[in-house]
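Below: one structure, written as structure tokens.
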Amino acid sequence: MRKAAALEKRALAQVSDALARGRPGDAKVLAALAEQMRKLAEVESEVASGDEDKARKIAEAREEQIQAMFSMAAWLACAMVFQPCSAPVGFLVMVKRWREINLGEGEETAEAKARVLAEAKDRFLNGQWEENLPEGARAYLQRQWEDMRQRLERTLNEDAGAWRASSP
């Protein structure tokens with residue numbers, strides 16, 4: 001902005017010099033140049049103010065997003081305490097929005113991945129946490145459970161046999 005304004009002033013100063021020397025053609029060219037520089041200075045000024053407006057609007061939008069996410073988190077926490085059945089939908093919406101903002105995913109992709117996470121959370125809360133584990137881990141837990149169940153049966157059978165033998 002300063003360059004165009006400075007060039008306009010210089011061109012206008014030279015217009016008076018050209019007229020004083022009796023060169024009206026040069027004065028006319030310099031006046032046209034000064035007019036172009038004035039227009040350029042106005043455009044630069046508008047662009048500068050537009051950049052400030054754009055930065056302000058971005059900051060306001062970011063602040064609104066943060067406030068909305070905080071409100072949603074507060075609602076979700078309240079729902080988890082007082083209305084647990086309504087919490088999964090809020091959780092899904094929050095995860096989806098977070099993925100859109102922070103991972104740059106599209107709405108459909110973010111929703112699909114958020115739904116997978118919400119379903120895993122629901123399985124965990126419903127006591128089906130094993131379903132969230134990889135197949136190998138589930139198989140290992142199943143073997144461990146079978147081993148413990150067999151040991152318990154043997155112990156109970158031994159204790160029952162000992163009790164029968166000691167009872168009259």
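Since every read-out is calculated from the coordinates, none of them should be taken as a lab result. Everything numeric in this text was worked out from a predicted model, so none of it was measured. Counting neighbours? That spans all protein chains shown, and the Cβs are built from the backbone with ideal geometry, glycine included.
The Cβ shell under 13 Å around Q142 holds other residues with a net charge of -2, Lys and Arg each +1, Asp and Glu each -1.
Computed from backbone phi with θ = phi - 60° and the Karplus coefficients 6.51, -1.76 and 1.60, the 3J(HN,Hα) list for segment 98-114 is 4, 5, 5, 6, 8, 10, x, 6, x, 4, 5, 5, 4, 5, 4, 6, 5 Hz; x is used for glycine and proline. Between A31 and S71, the distance separating the two model label sites (each 7 Å from Cα on the Cα→Cβ line) works out to 5.9 nm.
So if we plug the beta-carbon distance of A55 and A13 into 1/(1 + (r/R0)^6) with R0 = 22 Å, what FRET efficiency do we get, rounded to 0.05? It comes to 0.05.
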